[in-house]
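Chemist: Questions regarding the structure given below will be posed in turn.
The values are calculated or read from the model by the stated rules, or taken from the named source; none is laboratory data. What you see is a predicted model; the values in this text were computed from it and never measured. Backbone-built Cβ (ideal geometry, glycine too); neighbour counts: all protein chains shown. With ligands, DNA and RNA removed, areas are computed over all heavy atoms of the protein, side chains included. Shrake-Rupley method; radii C 1.70, N 1.55, O 1.52, S 1.80 Å.
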Amino acid sequence: NQTHIMLILLLYDGGLRVGEACQIAWEHVDLSQKCIKVRGKGGGERLVQLPPLAIQALKSTPRSSTYVFGNHPLPTRTAYEWIRRAGAAAGLQKPLHPHALRHSYATHLLSSGMNLRILQKLLGHQSLQATSRYTHLSIDQLASTLESFHPLGNKSNKNIP
């Protein structure tokens, strides 16, 4: 379903919270600038730049309603169900949750060299501490990769005393 895909793209490509994505009104979408205005936690607003796939999904959605997902904001329970079903259809072993897409967005940007302060602004976090949890995820991922692939990390290597 096109609207389900659009929700996934907004969560992953834009790093939106599920509640933010559900509340997007067409008046806050600027396709020419490839961005949307998002009202986050605490009422703070930020502009979110969207990559081409998300823009393409928005362009192919009729503007016959006030909100991107209909005449009213999309209920977050409905959004959770759409994401869960998409994960199941993709064959994922565990249920997929909307926040996992936001986490993936942040982790991918950080592991690609994104500055932590810039990531903080992109995610709409008030404090750097909220954003810094992604550095721990990246460090844990790095340690796991090192243990798996580095010759000294491989316990089964018989050449190591």
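Chemist: Which numbered condition trips up Arg63, out of (1) open to solvent by less than 60 Å² (accessible area, probe 1.4 Å); (2) over 21 Å from Gly15 (Cβ atoms); (3) charged (D, E, K, R)?
Modeler: Just one mismatch for Arg63, condition (1).
Chemist: Pairs only if they're at least six apart or on different chains, beta carbon under 9 angstrom, first in the stretch 89-107 and closer than 22 Å to Leu74 by Cβ, second aromatic (Phe, Trp, Tyr); list them, first residue then second.
Modeler: His97/Tyr80; Pro98/Tyr80; Pro98/Trp82; Leu101/Tyr12; Arg102/Tyr12; His103/Tyr134; Ser104/Tyr12; Tyr105/Tyr12
Chemist: May I pose another question? Out of curiosity, is Arg46 open to solvent by 100 Å² or more (accessible area, probe 1.4 Å) and either touching a Gly at 6+ places or on another chain (Cβ under 9 Å) or part of a helix (DSSP H, G or I) (or both)?
Modeler: In short, no.
Chemist: Can Tyr12 be described as open to solvent by 40 Å² or more (accessible area, probe 1.4 Å), not in a loop (DSSP other than H, G, I, E, B) and not small (Gly, Ala, Ser)? Reasoning before the result, please.
Modeler: Numbers: open to solvent by 40 Å² or more (accessible area, probe 1.4 Å): yes; not in a loop (DSSP other than H, G, I, E, B): yes; not small (Gly, Ala, Ser): yes.
Judged against the criteria, Tyr12 is a match.
Chemist: Could you check how many residues of the stretch 79-100 are modelled with pLDDT of 90 or more, surrounded by 14 or more Cβ atoms within 10 Å (Cβ to Cβ) and in a helix (DSSP H, G or I)?
Modeler: Count: 9.
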